[in-house]
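These notes are about the structure you will find just below.
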Amino acid sequence: MSDPSARDRDAVIGVALRRSLFGFAAIGVVAGGVLLARTLLTSGEERVASDEGVEAPETTTGPAPEVVDLLMPFTDRTAAWGVDFKRDDGARGAKLLPESIGGGVTIVDLDGDERPDLVFPDGGDLLDAAPGERLVVYRNVAGPDGEPRFERIDEPPLLAGHAMSVAAGDVDGDGDRDLFVSMVGRDRLFLNDSEPGRIRFRDATDAMGIPDTEAWSTAAGFADLDRDGDLDVIGLRYVDWSPEIDAAVDFRLDGIGRAYGPPTGFAGTTPFLLLNERDASGSVRFTEAGEARGLRQSNQDTGLPEGKGLALAVVDLDDDGDLDVIAANDTTANAAWINDGRGFFEERGRRLGVAFDRSGAATGAMGIDVATRPARDGVDTLVAIGNFANEPSSLFIRRGGEAAFFDDAAAEGVSGATRRALTFGLLFTDLDLDGVEDLVQANGHLEAEITVIQSSQSYRQSAQVFRGLPRGGFREVPKDSIGDLGIPMIGRGLASGDLDLDGDLDLVLAQVSGPPLVLRNDASTGAAVQVRLDGPEGNRDGIGAVVSATIGDRVLVRSIMPTRSYLSQVEPVAVFGLGEASGVDRLEIRWPDGEVRSIEGPIVAGRHRFTR
């Protein structure tokens, strides 16, 4: 690689100094490590810092956290349960950026038998768009020993290109879950024509008006964003990419040569919103309305699109009953679009405090998830974002009664342990069913030879688990206490679901290439109430509903939202760990249209389904 210009070197030093509070105390350390923290770039571009001050909230020192059990074992059941998928990242020697990004995993019941199935988007050759790649779909059947067996279906949906993620939702109101596939190229839509004992799909991409845009879509999900009773598609795009542009950017690292790098040499993009418009006959077509509805994010100086979106959260941020959108952007400001209730949006990421990290800089944001927890002044809202190597994960918190978020990862016990990891998928989930949500991260680097030039980094990295503490905060579970979840891998997508129907949530981690890791949860010591919804015809799973459970003197809040983590989808279920309680005293369901249903308990542990 040619030597960077003096302007490039100044930019790197500037970034390093801004981050000195996080431990970069010497310029010599920065010169060796920041190169791989994606700041020493041939383009000379540096991260954008906010010009709006972020004021830290007042904090008080409370009592030391109580002693908790940090044993959370998981067992690898990938081969034993029949999952033989190996993802093709498309790498053919050209070092093209999409090869390094990987794909996700979707956990969803496709044939209506109450057993969650698995869907993996395969990659494939980026220079040959001929049909050949396909979705890899596994049907979950009961094995003779009571454990699940995953059988690969023999009629998978065919693709023409490199797939990234698969969103699941009932778009045509017939009671089963259809699939939207985000692609490097044209996105695809497949209608579910499954029947008991058989999973199959029909390509409806053209028939339902999916745009023929050749772009690079990443995270996508179904939600009723305009509140008309049916499911729309919201999605992000990463960068303006083609093999020719990639060759011109020509990112290189000393000691390696051409390498997988950051997206700073590529132009930004805008999200997309496909509105579900069903006519009187019930026929469905989608209409692109993203920019017209305000889903845009522009550079304040140039007016050009600046979003480089990888992960998506759909959540009611302002508690007004409609769904808002957060985008985790790689090296540019994260975005937060607030919904006016009619499906028109205003971007307020900077105002809400989620655009930049604690030091006021954009991060290499990858995965995202949102959770709530009880607090003295109502509830705290937590937004976790996994970041690039040498950047700790962000944990934005809006405490009860406050208007904005603040990145409090350090005080919450997440920052230090995540600095070295390159985090893609991450999830809030109650792994041990104690009623407090934990945080799981899937980690893995971009560059296979990264250790050659930075000994502190590795290509394959262990996942991490942070146990949620009853009085707030998190504590990392030692890697020798998480079982096979600690197996080093090139982690990308991460999803949860009760694969073996034993009441707790198992995990699936996808790799950039090669096999996934399907993990049985052996960490739970208690029981849970699982809540599934039967919604109206346009939204059968009740996507976007908020479920509150009163357990003793605590009120736990969970959302029915499959779109989470990194390019992945979880089961549409609200899980309430009971801890030492015998059941839920009261449930309250706020449906996506605002109607509220209350169910008095006791509601005992097990799977429960409630109808609108």
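The values are calculated or read from the model by the stated rules, or taken from the named source; none is laboratory data. Nothing here was measured: the structure is a model prediction, and the numbers come from that model. So basically every Cβ, Gly included, is an ideal-geometry build from the backbone, and we count neighbours across all protein chains shown. Areas reflect the complete protein model, heavy atoms only, side chains present, ligands, DNA and RNA absent. Shrake-Rupley method; radii C 1.70, N 1.55, O 1.52, S 1.80 Å.
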* Structure fact -> Those residues of segment 216-242 that are surrounded by fewer than 21 Cβ atoms within 10 Å (Cβ to Cβ) and within 27 Å of Gly367 (Cα to Cα) come to a total of 3
* Does Val233 satisfy being in contact with a helix residue (DSSP H, G or I) (Cβ under 8 Å, 6 or more places away or on another chain) and closer than 28 Å to Val570 by Cβ? -> no
* in contact with a Pro (Cβ under 8 Å, 6 or more places away or on another chain), crowded, with 22+ Cβ neighbours inside 10 Å and either over 24 Å from Arg564 (Cβ atoms) or of a type in the set (S, T, N, Q) (or both): does that describe Thr269? -> yes
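Hey, does segment 596-612 have a residue that's in contact with a strand residue (DSSP E or B) (Cβ under 9 Å, 6 or more places away or on another chain), part of a loop (DSSP other than H, G, I, E, B) and without any contact (Cβ under 8 Å) to a residue 60 or more places away in the chain?
Within segment 596-612 (the criterion being in contact with a strand residue (DSSP E or B) (Cβ under 9 Å, 6 or more places away or on another chain), part of a loop (DSSP other than H, G, I, E, B) and without any contact (Cβ under 8 Å) to a residue 60 or more places away in the chain), the answer is no, since none of the residues qualifies.
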* **Selected residue (criterion: surrounded by the fewest Cβ atoms within 10 Å (Cβ to Cβ)) from residues of segment 445-478 that are more than 30 Å from Ala259 (Cα to Cα) and among the charged types (D, E, K, R)** => Arg471
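Go through the residues of segment 399-413 one by one and say whether even a single one is small (Gly, Ala, Ser), open to solvent by 10 Å² or more (accessible area, probe 1.4 Å), touching a strand residue (DSSP E or B) at 6+ places or on another chain (Cβ under 8 Å) and over 25 Å from Gly544 (Cβ atoms).
Scanning segment 399-413 turns up at least one residue that is small (Gly, Ala, Ser), open to solvent by 10 Å² or more (accessible area, probe 1.4 Å), touching a strand residue (DSSP E or B) at 6+ places or on another chain (Cβ under 8 Å) and over 25 Å from Gly544 (Cβ atoms).
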* Asked: Under 7 Å by Cβ, and 6 or more places apart or on different chains, what pairs join a residue from segment 204-221 that is without any contact (Cβ under 8 Å) to a residue 60 or more places away in the chain and under 17 Å from Pro98 (Cα atoms) with one that is buried (at least 19 other Cβ atoms within 10 Å of the Cβ) and among the polar types (S, T, N, Q)?
  -> Ser217/Ser182
* **Pro392 assigned to a loop (DSSP other than H, G, I, E, B), within 18 Å of Phe428 (Cβ to Cβ), open to solvent by 10 Å² or more (accessible area, probe 1.4 Å) and in contact with a Lys or Arg (Cβ under 7 Å, 6 or more places away or on another chain)** => yes
* Considering each of Thr287, Thr302 in turn, give the residue that is open to solvent by 30 Å² or more (accessible area, probe 1.4 Å) and in contact (Cβ under 8 Å) with a residue 60 or more places away in the chain. => Thr287
* Residues of segment 140-169 satisfying the condition of being within 22 Å of Asp502 (Cα to Cα), open to solvent by 50 Å² or more (accessible area, probe 1.4 Å) and not in a loop (DSSP other than H, G, I, E, B) -> Ala142, Arg149, Glu151
